[in-house]
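S.K.: Submitted below is the structure of interest, expressed as structure tokens.
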Amino acid sequence: DGSGYPDCTDEFIQKAQEFINEGTSKNFKVCIKTPLVRLNKAKIVELALKENVPLELTWSCYESEDEACGECDSCLLRLRGFEKAGFKDKIKYKS
């Protein structure tokens, strides 16, 4: 889910791939795949839970490392994604 973050754009991914390949052996090429970037957060949550991904071990918060703040843009996107998917996020939030 790009959500407007520059590192989720096709242009950024393409340039990152070019940069990596420029500094890598000519006999080896990296191809960056981004299968989730065009899905919204709810779809990502649904897919992850279907595939038994332990989302409680993932982290989105930009403001805290021990307990998610629940207020930064990333936390809000995550919480809305879980809500729209009809699931409760299992990580701890401060608010």
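The values are calculated or read from the model by the stated rules, or taken from the named source; none is laboratory data. All values reported here derive from a predicted model rather than from experimental measurement. Quick reminder, even Gly has a Cβ in these numbers, built from the backbone with ideal geometry, and neighbours come from all protein chains shown.
S.K.: For E51, are the conditions met, namely being over 24 Å from K94 (Cβ atoms), under 17 Å from the mean Cα position of the chain (by Cα) and acidic (D, E)? Steps first, please.
M.R.: Numbers: over 24 Å from K94 (Cβ atoms): yes; under 17 Å from the mean Cα position of the chain (by Cα): yes; acidic (D, E): yes.
When the stated conditions are applied, E51 passes them.
S.K.: Still on this structure, I have one more. Among the listed residues K43, K15, identify the single one that is touching a residue at least 40 places away in the same chain (Cβ under 8 Å) and not in a loop (DSSP other than H, G, I, E, B). Please lay out each step first, then the result.
M.R.: On the way: K15 fails: touching a residue at least 40 places away in the same chain (Cβ under 8 Å).
The match here is K43.
S.K.: Quick check on G86: is it at pLDDT 95 or above, of a type outside the set (S, T, N, Q), surrounded by 15 or more Cβ atoms within 10 Å (Cβ to Cβ) and in contact with an Asp or Glu (Cβ under 9 Å, 6 or more places away or on another chain)?
M.R.: Details: at pLDDT 95 or above: yes; of a type outside the set (S, T, N, Q): yes; surrounded by 15 or more Cβ atoms within 10 Å (Cβ to Cβ): no; in contact with an Asp or Glu (Cβ under 9 Å, 6 or more places away or on another chain): yes.
No.
S.K.: Under the condition of being at pLDDT 95 or above and among the basic types (K, R), which residue from segment 36-77 is surrounded by the fewest Cβ atoms within 10 Å (Cβ to Cβ)?
M.R.: In this case the residue turns out to be K50.
S.K.: Note down all Cβ pairs under 7 Å where the first residue falls in segment 75-95 and is without any contact (Cβ under 8 Å) to a residue 40 or more places away in the chain, the second is part of a helix (DSSP H, G or I) and among the acidic types (D, E), and they're at least six residues apart or on different chains.
M.R.: From segment 75-95, the pairs are K90/E56; I91/E56.
S.K.: Something else about it: For segment 1-29, give me each residue that is modelled with pLDDT under 95, hydrophobic (A, V, I, L, M, F, W, C) and surrounded by 12 or more Cβ atoms within 10 Å (Cβ to Cβ).
M.R.: Scanning segment 1-29 gives C8, F12, I13.
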